[in-house]
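All remarks here apply to the structure that follows.
Every read-out reported here was derived from the displayed coordinates using simple, explicitly stated rules and does not represent laboratory data. The structure displayed is predicted, hence computed values, not measured ones. Cβ sites come from the backbone with ideal geometry, for glycine too, and all protein chains shown count toward neighbours.
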Amino acid sequence: MAKSKPPLVRLSEMAAEQSGDFFALLAEKARGARRDGKPFFTCRFRDGERTAAFMVWADGPWFEACEKEWREGQIYKIRGAYDEHKTYGPQIDIEQIRPIVDADKAEGYDLRHFVDCTRHDVDAMYQELWNMAEANITDVPLRRLVLTILERQKSQLKQVPATLKHFYPFAGGLLEHTLSVTNTCIHLVDKYVACYPDMEPPLNRDLVVAGAILHDMGRTVEFNDDQMSVQPTVSGRLVGHLFLGRDLVRDTARELGDVDAELVQLLEHIVITHLSLPEWGSPRLPLIPECLIIHHADDLDAKLEMYVRCLTRDKEPGDFTSRDPVLGRQLYKGRKA
């Protein structure tokens, strides 16, 4: 009689002595040696909520495969048993193992179980950002420029973080940040257009919306497309996202050929100077009011996300969080109001 297939389970949901099929990322593969000189590997497999160890001994069945084939950062489908050792903590024993394949998606494999991701649907966010450009940029050539860049950078925009460590440092973070900044900028520019009706030249609403959507688009070129190990590209390290974003604007505008030259120049200025401060990496100071709106919306959105992430994830006892190394302070979390 054929042996029945074990159930598909989540590593983080397995109970002690439970067996099953599960997906796990090889987070660490460390080589060591016993006192008798025989080598071994300490492997740590994880999903988003649990890490479990697997010892690979030189005289065991998995040593050669581990040494030559298994690699850190790879996700595997594993058939095995889970247990919890009193001293060494969560452990797994592997019966079968292979790298994931495309067909595993139909069985429940989801990258979001292994890397930090935006809590929002990336397709819905992208469509909302697209709709904002269509509805709020009245200058047709400028709107076409923005939509062309959005379409070409679509895949990367949906998956890269806004930054690697500071704000929105998770898959889809750049898109979530861009959408939030654009929403805020639309509200602000409408407020200030109404406040200063006699301003000459008037605030350019199209320019604010286009600048908000494209201000960090250079990040799509600054980072690679490896969701398991996002790193700066060579051009990202050598040039940085400000000038990479400016190049996207300039090259696409030249290709399209019908965008007003002054609008292109002002949009380039926004992309290059939206960080505002030289100590933050801005090579020039903002010289137009549209950039001021985008800078403050951008900075507020980044800072608030950092505050929220610090407050919601902190496990420190007492009324204050542990010191956040980026914010440079402990946040007060003991308030009742």
Q: List every residue whose amide H lies under 5 Å from the amide H of residue 116, counting only residues 5 or more places away in sequence or on a different chain, with H placed 1.01 Å from N in the peptide plane.
A: 171
Q.
With θ taken as phi - 60° and the coefficients 6.51, -1.76 and 1.60, list the Karplus ³J(HN,Hα) couplings across region 39-51 in order, rounded to whole Hz; mark glycine and proline as x.
A. x, 8, 10, 9, 10, 10, 9, 8, 10, x, 10, 9, 10
Q: Report the paramagnetic label zone for residue 258: residues of region 124-138 whose backbone N is under 19 Å from a point 7 Å from Cα along the Cα-to-Cβ axis.
A: 133-138
Q) Once amide H atoms are built 1.01 Å from N in the peptide plane, which residues 5 or more positions from residue 320, or in another chain, come under 5 Å H to H? A) 333
**Q.** Lys/Arg +1, Asp/Glu -1 at C-beta; the chain dipole; positive extreme among 257, 328, 194
**A.** 328
Q: Looking at the chain, send over the antiparallel percent of its DSSP beta bridges, to the nearest 5.
A: 90 percent
Q. Any idea what angle helix 261-273 forms with the longest principal axis of the chain, computed on alpha-carbon atoms, 0 to 90 degrees, nearest 10?
A. 50 degrees
Q | Given the chain, longest segment not containing exposed loop GluC sites (Glu not before Pro) (DSSP; at most 16 other Cβ within 10 Å) | A | 73-337
Q. Roughly how big is region 11-113's charge dipole about its Cα centre, with Cβ charges of +1 (Lys, Arg) and -1 (Asp, Glu), in debye to the nearest 20?
A. 460 debye
Q: In whole Hz, with x marking every Gly and Pro, tabulate ³J(HN,Hα) for region 322-337 from phi via Karplus 6.51 cos²θ - 1.76 cosθ + 1.60, θ = phi - 60°.
A: 5, 5, 7, x, 7, 6, x, 7, 9, 8, 7, 10, x, 5, 9, 8
Q.
My understanding is that a pair violates if its Cα-Cα distance is over 25 Å; which of 105/158; 105/315; 77/315 do that in this structure?
A. 105/315; 77/315
Q: Relative to the longest principal axis of the C-alpha atoms of the chain, give the angle of the C-alpha long axis of helix 241-256, reported between 0 and 90° and rounded to the nearest 10°.
A: 60 degrees
Q | Electrostatic dipole magnitude of the chain [Cβ: Lys, Arg +1; Asp, Glu -1; Cα centre; debye, to 20] | A | 1280 debye
(Q) Using a 10 angstrom Cβ neighbour count of at most 14 plus a DSSP loop assignment to flag exposed trypsin sites (Lys or Arg not before Pro), which longest range of the chain is free of such sites? (A) 166-283
